[in-house]
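Below is one structure; the comments refer to it alone.
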Amino acid sequence: MKMSKMLMLTMKEVPAEAEIASHQLMLRAGLMRKMVSGVYNYMPLGLQVLKKVENVVREEMNNAGAQEILASAMIPAELWQQSGRWDAYGAEMIRFKDRNDRDFCLGPTHEEVFTDLVRSEIKSYKQLPINLYQIQTKYRDERRPRFGVMRSREFVMKDAYSFDKDQEGLDLSYNKMHDAYVNIFKRCGIDAKAVEADSGAIGGSNSAEFMVQSEVGEDDVVFCDSCNYAANIEKAQAVAEECAKEELKELKEIETPNARTIEDLVKFFNTTEKKFAKTLIFNADGKIVAVMVRGDREVNETKVANALGGVNSLEMASAEEVLKATNAAVGFAGPINIKVDTLLVDAEVTKMYNFIVGANKTGYHFENVNYDRDFKGTVGDFRNVTSGETCPKCGGKVTISRGTEVGHIFKLGTKYSEAMDAKFIAEDGTKKPFIMGCYGIGVTRTLASIIEQHHDDNGIVWPLQVAPYQVSVIAVNSKDEEQMRIAEEIYNKLTDMGVEALLDDRKERAGVKFKDADLMGIPMRVTVGKKIVDGQVEFKLRNCEDIEVINIDDVYNKVNNVFEENNMKLK
């Protein structure tokens, strides 16, 4: 491609709307342009990279035995109603009616569509296992689109769905996808770690997210310093801290005027946060639920929702709802004689002795409270893990880092096949529901994550595998006929070798050309200048400061060597 003919405009200044490196550089390097909030048009350079990432995904999925199809993005409501998700999915789903007043949505995900397809096409266990995937645009009406394509309303996703006859088959399919994902992210040049995760709206028995560490990531990820344990904080298992045993003391009601927060109570009782158990009250789909955690802990709403069997809406109760449950103002809730539908007690609270709770009476608290003697509830893990806690796997210490999800794999089991009556004839002649798995990769988010991990002050530094072009050939002076002749000769020979080359033949100053090449992140640069009188040109790698002066004929071996070092072959 000759840059003089290319639709491309770089930017010198950082756009005010762009908060993170990938968003800034995708705009500055001319990869994309914003249409409206959370919706972008991909320019030629950006589309080149997007297709490269798609091809890596496609190759690894095919190698793992998956078959590619393409489903419609327009989905009739009936399929979602069969699975029970039409009303449950929430405001992110973009819904509309056709001219016949029939309900549709733009697909945010495609479990229902693939389940419907397979129940129509697969009749016998002899046709299993099968894994189908697509690479397609998804639509989600994000409340707050941000960070460019990291959280947008329209994005490209690879979603795959496996169908097996039994759990053993699902385990094999799941492991194949796990390995394929490892290969995909390795080839794309990003460090993505598989972590335990909550299945969320997709559902299923268990799942793993592939996360890239990022200061602007939207998820907290728990890592063990001593072993390979890693989990999204929504899923991370909390280990209850053991308290020193005490003799049980007499329950006492204490007047605590104007003390309703933990901070207020710590001062009032002259003790630590660990001596309190706070009771938070939620409205879960219309039912009032109280959750108890130690005073220095935070409630994990995902764990709470899962403990309740999954809820569509979990919100803090209103002041009126709190009053009805406790007969007290907000700030004085406690477990003793509380009037709620469910009381969830974090396991750590059951290991405390003589602690302090609200008395369900405005201006009062109880001290010397003990679980089992004074109250009971449903015990479980309902809190967030904090940095420095004990690892549930090895007993080491955990740390917490921010991360961005680029992939997610699920063991769905029969969640969708049972709801949609998708069954096959088993070996014993009976009808059984398909055992399903679901495997997603955010292709556009992967693209952005590559930039997040591969950039410097001058711009993007693309890994060779996904670079839009692999070599930039720059004629220092495009008015110099000999420079242009040599530059075009090198460009043509590289193209004949199978190299994706970019010839900068623009009538611009050399400095502008160099800056644009760095900004766009082209892995190799060949500069044709005054040294051609000696039969020489300059060769530079984007990820290296050194510039080599080499003979013109050596350019092709140099480029070939870089391909070999990256385990890539030219034709």
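The values are calculated or read from the model by the stated rules, or taken from the named source; none is laboratory data. If you're wondering where the values come from, they're calculated on a predicted model, not measured in any experiment. Neighbour counts run over all protein chains shown; Cβ positions are idealised from the backbone, glycine included.
At-a-glance table
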{"item": "Selection from the stretch 68-104 of residues that are assigned to a strand (DSSP E or B) and either buried (at least 20 other Cβ atoms within 10 Å of the Cβ) or among the β-branched types (Val, Ile, Thr) (or both)", "result": "Ile75, Ile94"}
{"item": "Subset of the stretch 57-67 [surrounded by 13 or more Cβ atoms within 10 Å (Cβ to Cβ) and over 24 Å from Leu106 (Cα atoms)]", "result": "Glu59, Glu60, Met61, Asn62, Ala64, Gly65, Ala66"}
{"item": "Some residue of the stretch 474-494 being outside any loop (DSSP other than H, G, I, E, B), buried (at least 19 other Cβ atoms within 10 Å of the Cβ) and under 37 Å from the mean Cα position of the chain (by Cα)", "result": "no"}
{"item": "Residue satisfying all of: in the stretch 302-337; touching a helix residue (DSSP H, G or I) at 6+ places or on another chain (Cβ under 6 Å) and under 20 Å from Arg383 (Cβ atoms); modelled with the highest pLDDT among these", "result": "Ala333"}
{"item": "Any hit, the stretch 385-404, residues being buried (at least 18 other Cβ atoms within 10 Å of the Cβ), at pLDDT 95 or above, touching an Asp or Glu at 6+ places or on another chain (Cβ under 7 Å) and part of a loop (DSSP other than H, G, I, E, B)", "result": "no"}
{"item": "Residue count for the stretch 324-351, restricted to those that are farther than 21 Å from Glu255 by Cα and crowded, with 22+ Cβ neighbours inside 10 Å", "result": "6"}
{"item": "Subset of the stretch 527-539 that is surrounded by fewer than 23 Cβ atoms within 10 Å (Cβ to Cβ) and not acidic (Asp, Glu) - its residue that is nearest to the chain's Cα centre (by Cα)", "result": "Phe539"}
{"item": "Residue that is surrounded by the fewest Cβ atoms within 10 Å (Cβ to Cβ) [pool: residues in the stretch 405-427 that are over 16 Å from the mean Cα position of the chain (by Cα) and part of a strand (DSSP E or B)]", "result": "Ile425"}
{"item": "Qualifying residue in the stretch 72-95 (condition: free of Cβ contacts under 8 Å to residues at least 60 places away in the same chain, over 29 Å from Leu172 (Cβ atoms) and among the hydroxyl-bearing types (Ser, Thr, Tyr))", "result": "yes"}
{"item": "Within the stretch 140-153, tally of residues that are on the phi < 0 side of the Ramachandran plot and crowded, with 21+ Cβ neighbours inside 10 Å", "result": "4"}
{"item": "Matching residues in the stretch 428-459 - criterion: being of a type outside the set (Val, Ile, Thr), surrounded by fewer than 20 Cβ atoms within 10 Å (Cβ to Cβ) and part of a loop (DSSP other than H, G, I, E, B)", "result": "Asp428, Gly429, Asp457, Asn458"}
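This table checks each residue for (1) surrounded by 19 or more Cβ atoms within 10 Å (Cβ to Cβ); (2) closer than 25 Å to Ile356 by Cα; (3) not β-branched (Val, Ile, Thr).
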{"position": "Val221", "(1), (2), (3)": "yes, no, no"}
{"position": "Glu234", "(1), (2), (3)": "yes, no, yes"}
{"position": "Ala238", "(1), (2), (3)": "yes, yes, yes"}
{"position": "Thr256", "(1), (2), (3)": "yes, yes, no"}
{"position": "Asn270", "(1), (2), (3)": "no, yes, yes"}
{"position": "Ser318", "(1), (2), (3)": "no, yes, yes"}
